[in-house]
Every structure is written in C-alpha cells, then in structure tokens.
Amino acid sequence: MAATPRKLTLSLLVTTGVALALATVPAEVLARAGGGGGRGGRVHLILMLILLPLCMIYAEILGYVVRKKHKQCGELLQRLEQADSLWNLEGIERRVEKMYFKVQEAWMQRDQSIAQQFMSDGLYEKHKMQTDLMRSQHRQNVLQDICLRRATVVNVSDYVDDSKDCLWVYIEGSMIDYMVNDETGERLSGDTSKPEHFTELWKLVRGQTGWVLDEIEQSAGIFSLSQLHLVAQETRFLDAPTNPIP
C-alpha cells in the first residue's frame, strides 16, 4: 500500500527530528540557564556534515511552523488586549528580552535573586537549587557574548481565572558557554571561543510583576510546537479552554 502524503510528512519529520537531535546532544547537563549544554568537537562536526541536508529541511519546516503560530497569536493578542493590556504583544516582547538577559546573568553569577522578579516561585527554587549545588562544587558557568536572536510568541492561553493564563515563546539565542572551576580557573567543559546556537520554548505565566518565566523546554522542535494550541478569546468566559484553534 502506498504511503499517504500525511504519513510521508510524518516520516520526514521523525527522520529529520532524530537527525537534528543526534547532532545536537548536549555534553554538559548543567550549563546555561535551564540546563542546556556546551557542545563541539570533531565528532559533532562530522555528524553535522553527514546530516546537514536533513537538518536544513528540518529547519525550514520548523521556521514555517513558528511563523504560522506567531501570526495566529498576533491576531488573537490584538483581541485579548482590548480587555486586558497585559496581552499587549510589544509589551510581552520587551518583557521577554529583559527576562532573557537577567536569567542568564543570574545563572552565571549563581545568584537567582538577580532574576527573581522574572521567574515564578517554582522555577526560582529549581534554579536556586541547581546554582547552589554548582557553587558548593566550585563550578561556575561562564556565559559571554549573550545574544537573543529571536523571541516569538507561539502560544496564547487565556482563561477566566487569570492565574491560569500562560503563553509560550520560541527562543533563538547564542552565547559562548563553558564551565570553570572557580578556585583554580581550570576549564571543565565547553568552548571558550565559539558561540553556541540554541532554540528553546519558554513558558510564561502571570506574576506579581507581570509575565514571569515558569518553564524552559530545551528541545524546541516541530513536535513540541505542534502540541501547543491557541485558546480563543471567548474562552475567557469558561473555566477551561474547550475551543482550541489548531
């Protein structure tokens, strides 16, 4: 039986997704805010050369999905903003930019109070536990040339109960990312000269100071994006979203 176009598309997504994952497996678990990692070396270069065509296809499909979801979100946010100014897209983007740099600074300084106003209580405690452990082990994550290349809203969920409101932002960034021993200055892992490029999904929720970061999903791929749905404005009058927009 011949494969349907949908099955062929799914097969392509699986293949390219696995290929990209294999080419970008992190070598260091506790590097960069949220638990990403530095990567590099000859093996990684060979893998990238072999898998480059598949990775390029995957990147094109991922870019299309991000653009489509961002357009839908922009239209929805314009309607939501009429009832609640916190849904203003420009305000969200400015908030995310400040948040991005503060979260990285707090991680590098191993002092989560620097970014506490930009994080939910749960994420603050999680990051504090991780960076306190790094401090006790005399490990410090050095982050340099920190760049936010893209911050795109790809999901909006609005409830009658504002405490449930959330949105997801697709993050593209780059930075030099390596680990050192804070006593000896010895480099423990990572590349001290080559920036690492990465993509993530950031979940934002309402906090006392505005939108705050609640979750970081390291693998911002097609499948993780496809699971995000938009919640229409009329669901503000319901207890839970029942009319998602694909």
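Values quoted throughout were computed directly from the atomic coordinates according to the rules given, and no laboratory measurement underlies them. Model, not experiment: these values are computed from the prediction. Counting neighbours? That spans all protein chains shown, and the Cβs are built from the backbone with ideal geometry, glycine included.
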Take the alpha carbon gyration tensor of the stretch 33-178, find the square roots of its eigenvalues, order them as a ≥ b ≥ c, and report rounded if a/c is under 1.5; if not, report prolate when a/b exceeds b/c, else oblate.
oblate
Check Tyr178: other-chain or 5+ apart residues with amide H under 5 Å from its amide H, H built from backbone geometry?
Val142
Would you please give the FRET efficiency between Ser193 and Tyr64, computed as 1/(1 + (r/R0)^6) with r the Cβ-Cβ distance and R0 = 22 Å, to the nearest 0.05?
0.10
Distance between modelled label sites at Gln137 and Gln109, nm, 7 Å Cα→Cβ extension
2.3
Quote the FRET efficiency, to the nearest 0.05, computed for Lys164 versus Ile57 with a Förster distance R0 of 41 Å and r equal to the Cβ-Cβ distance.
0.65
Using a ≥ b ≥ c from the Cα gyration tensor of the stretch 117-193 (square roots of the eigenvalues), is it rounded, prolate or oblate, where a/c under 1.5 gives rounded and otherwise the larger of a/b and b/c decides, a/b for prolate?
oblate
Gyration tensor verdict on the stretch 170-214 (Cα atoms; rounded if a/c is under 1.5, prolate if a/b is larger than b/c, oblate otherwise)
oblate
Cβ under 10 Å from Leu133's Cβ, Leu133 left aside: what net charge do those residues give with Lys, Arg +1 and Asp, Glu -1?
+3
